[in-house]
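The block underneath contains the structure these notes are about, expressed in structure tokens.
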Amino acid sequence: MSNPKDEIKYVGDSRVRANGRRPNISPSYSEYPGKTEPFWPNFLLKEWMVAVVVLMGILVLTVVAPSPLEPPANPTDTSYIPLPDWYFLFLYQLLKYPWASGDFVLIGILVIPGLAFGSLLLAPWLDRSPYRRPSQRPIATGVMLFAIVAIFYLTYQGATSHATGDETATPPPVEENVAIPADDSEQPSATALDGEQILLGQASCLSCHGNDLSGTQMAPALNDVGSRLSQDEIYDVIKNGRADTIMSGGLFNGSDDELKAVAQWLSEQK
């Protein structure tokens with residue numbers, strides 16, 4: 001009599017699950033407490049919660065403190081200095097220093113930003129420490145703290161210099177050997193100057209108010225401004241600008257005496 005085991009045949013069937021096969025479930029990390037966790041859903045849920053908090057904070061700030069708007073653009077204002085957005089202010093301030101501007105401008109626009117952002121891209125390969133605590137990674141922690149402090153400092157300096165009007169890294173050179181009249185009588189007075197001729201020589205004024213000062217769509221007429229404003233008010237508007245119009249300060253190209261002569265002549269136009 002033959003052995004029954006010799007007659008047994010095993011046939012594979014794809015419909016029959018193999019023993020021990022389980023669905024794609026994250027393994028248990030109980031053996032490694034505090035060191036690692038599954039990406040889904042533990043880690044991803046934490047990242048999502050942080051993103052929601054940051055987004056809500058940004059939305060609250062935009063409602064409580066809206067972004068300030070500047071006056072309407074004035075193409076004739078040659079004294080206007082544009083300012084980049086706040087997240088580029090640190091690069092804007094960096095280009096004011098002598099070692100990152102002028103002959104060394106390539107260092108400021110290519111070398112320094114390239115090294116900084118290149119280091120961020122290469123960080124996973126440059127810092128391969130297995131530790132997660134910042135105290136156990138002194139080089140990476142120190143470089144990151146230095147970058148954060150530098151960005152905050154340069155951003156603050158860029159905003160402050162623009163607010164105070166100091167947009168240059170070094171003060172302008174002082175002219176020497178300038179002849180100063182010994183007697184003030186040699187200086188022309190405001191009444192001796194021809195205010196009309198001075199005004200007609202101001203291209204920035206004529207471009208808005210018209211060649212005959214009769215006004216345009218951008219600015220009112222000046223041939224009757226004396227009936228609306230006094231001489232002091234006209235002087236103040238020309239020198240400091242006017243908030244409710246596109247007129248801004250610093251457009252007049254001339255001395256203070258010439259400005260007084262123009263204000264006096266305009267006050268007589270009624």
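Values quoted throughout were computed directly from the atomic coordinates according to the rules given, and no laboratory measurement underlies them. Here the structure is a predicted model, which is why all the values come from computation and not from measurement. Positions of Cβ are backbone-derived with ideal geometry, glycine not excepted, and every protein chain shown enters the neighbour counts.
Counting other C-beta atoms within 10 Å, and keeping those with at most 15, which DSSP coil trypsin sites (Lys or Arg not before Pro) do you find in the stretch 202-251? Please list the in-between numbers first.
Working: sites: R228, K239, R242; in loops: R228, R242.
Answer by residue number: R228, R242.
Normalised by the empirical 2.2 N^0.38 Å for globular proteins, what value does the Cα Rg of the stretch 194-258 take?
Details: Rg = 11.1 Å, N = 65, 2.2 N^0.38 = 10.7 Å.
Ratio of Cα Rg to 2.2 N^0.38 Å: 1.03.
Taking every pair of alpha-carbon atoms in the stretch 81-169, what share in percent sits in each 5 Å bin, from 0 to the bin with the longest distance?
3, 13, 19, 21, 16, 12, 9, 5, 3, 1
Sorted from largest down, give the three principal axis spans of the alpha carbons of the stretch 44-120, whole angstrom values.
50, 41, 16
Please identify every one of the trypsin sites (Lys or Arg not before Pro) in the stretch 52-142 that sits in a loop by DSSP and has no more than 11 other beta carbons within 10 Å of its own beta carbon. Present the calculation step by step, with values, prior to reporting the outcome.
Working: sites: K96, R128, R132; in loops: K96, R128, R132.
Hits after loop and neighbour filter: R128, R132.
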